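The values are calculated or read from the model by the stated rules, or taken from the named source; none is laboratory data. Note that the coordinates shown come from a computational prediction; the quantities given were computed from them, not determined experimentally. Heads up, the Cβs are rebuilt from the backbone with ideal geometry, glycines too, and the neighbour counts pull from every protein chain shown. All accessible areas refer to the heavy atoms of the entire protein, side chains included, with ligands and DNA or RNA removed. Shrake-Rupley method; radii C 1.70, N 1.55, O 1.52, S 1.80 Å.
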Amino acid sequence: MPQRSVVAIGTSLLVASLALAGCGTRGGDDGGDTGSGSSDNKVAKIGVISPMSGDLSALGLGIKNSVDLAVTQANESGAIPGWTLQVEVGDDQATPDVGKNAATKLSSDAEVVAVVGTLNSSVAQSVQPVLASANILMVSPANTNPSLTQGADFATDPQRAYPNYFRTCTTDSIQGPFAARYLYEKAGIKEVATVHDKKTYGQGLVEAFSAEYEKLGGKIVAAETINPDDDKYDAVISKIKPSNPGAVYYGGEYPQAGPFSQQMKAAGLNVPLMGGDGIFSGEFVKLAGATADGDLATSVGAPIDSLDSAKAFVEAYDAAGYSEGYEAYGAYAYDAANAIIEALKTALPEAESAEAARQAAIDAMSSVSFDGVTGKVAFDEFGDTTSKVLTVYEVQGGEWAAKDTGEFE
């Protein structure tokens, strides 16, 4: 299948800003002072809530580092005269209750004006009301469940749930159908089995995929679930195998998806496992092992290494010396942080304190629009990104390779 590339052109301002990359928190440093600034400056903090430990820490650390890079550059360029920005990190351990505690701690800090996070949609459900009650702007680089922006009845009666919440990534209502169209129309697979982990992200993704796949004429020959804490999936695989699916569509994240893929191949179910952005990580390939070739994933946006607008970000990230890679959401976290910084350029100059600027930052975010690393950064009336570009990736030779990129219509 020929690959279509989507190229976004960054602005000269963005490139100039990236060229200023310097020191900030590095490696295992969890936050604190970031970049340079006058001692006479007032301080405003941008929080980060994502997993810094546990199975999903690779993704969380990539988010944290990318926010740190954006804040460091803003300080070094004097983006907001009279103010120094700092990063304050909360480890949510990919767990709703822990995430809620992290949000509570950040909201009690009068210097915190905004938060980048979370990674997991299920964690976001616990964090949203805490930050909303404190009028703290929240921008996620990774949450994909549609209900977070459009409410529980998003399919029939969308209503904005929290006016302080925005995101730079596309939602499951786009990602699931995008995957369905690829499998049915381009890969020619007419029968699939579905599996999800019962969590908000995984279940929502499978529901969106299944609705579009059946609408196209495809058949769901088996629909199963797993428990996220399990590591042996032979019982589920034995239920799926007799239905002879052409692929297994998985809703969940790589700590379970990798072993599931490995175990289903070992059991003789030699078909591709496809998932969403939650499995798009090098960690999936490691866990799935030698039989991972042919497995598929969708992820938001075009491949970062194909975008002219991302070259300076990648160079600056590498030059900064972080111990961890930016992973699947680093560029989206960088754009989220820069969107916040754009809003703060309006909210902070007239404010006596960071806390006093919180509502003004939320108000300003609705009008933020710029050419970012991932493409055009702007938000619709629900706080969702206006970008609908996605990519299908395939494991080839033990690495993810871009297979097909397009804009969902």
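Summary table below
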| quantity | calculated |
| --- | --- |
| Residues with amide H under 5 Å from that of residue 140, placed H, sequence gap 5 or more | 117, 166, 167, 168 |
| Modelled FRET efficiency - R0 22 Å, residue 108 with residue 380, Cβ distances, 0.05 increments | 0.10 |
| Length released on extending from residue 55 to residue 353, taking residue separation times 0.36 nm less the Cα-Cα span | 103.6 nm |
| Which listed pairs, of 186/403; 219/388; 198/388, have C-alpha distances above 21 Å, in listed order | 219/388; 198/388 |
| On Cα atoms only, tilt of 172-181 relative to the major axis of the chain in degrees | 40 |
| Accessible surface, 1.4 Å probe, highest first, among residues 45, 241 | 241, 45 |
| Carbon plus sulfur fraction of accessible area for the chain, probe 1.4 Å, in percent | 47 |
| Accessible-area ranking of 83, 400, largest first, probe 1.4 Å | 400, 83 |
| Solvent-accessible surface ranking, highest first, for 107, 133, 66 at 1.4 angstrom | 133, 107, 66 |
| Built amide H within the under 5 Å cut-off of residue 43, gap 5+ | 84 |
| Degrees between helix 96-107 axis and first principal axis of the chain (Cα, 0 to 90, nearest 10) | 10 |
| Segments 139-146, 51-58 sorted - mean Cβ within 10 Å per residue, highest first | 139-146, 51-58 |
| Which of 401, 372, 383, positive extreme of dipole for the range 370-409 (C-beta unit charges) | 401 |
| Using alpha-carbon coordinates, inclination of helix 254-266 to the longest axis of the chain, degrees | 20 |
| HN-Hα J in Hz across the range 394-409 - Karplus 6.51, -1.76, 1.60, θ = phi - 60°, x for Gly and Pro | 10, 6, 10, x, x, 9, 6, 10, 5, 10, 7, 10, x, 9, 6, 10 |
| Å² per residue, accessible surface of the range 260-358 at 1.4 Å | 34 |
| The range 185-222 residues near the modelled residue 232 label - backbone nitrogen below 16 Å, point 7 Å along Cα→Cβ | none |
| Cα shape, the range 203-270, gyration tensor, a/c 1.5 rule | oblate |
| Loop-resident sites, the range 156-192, for chymotrypsin sites (Phe, Trp or Tyr not before Pro), counting at most 14 other Cβ within 10 Å (DSSP) | none |
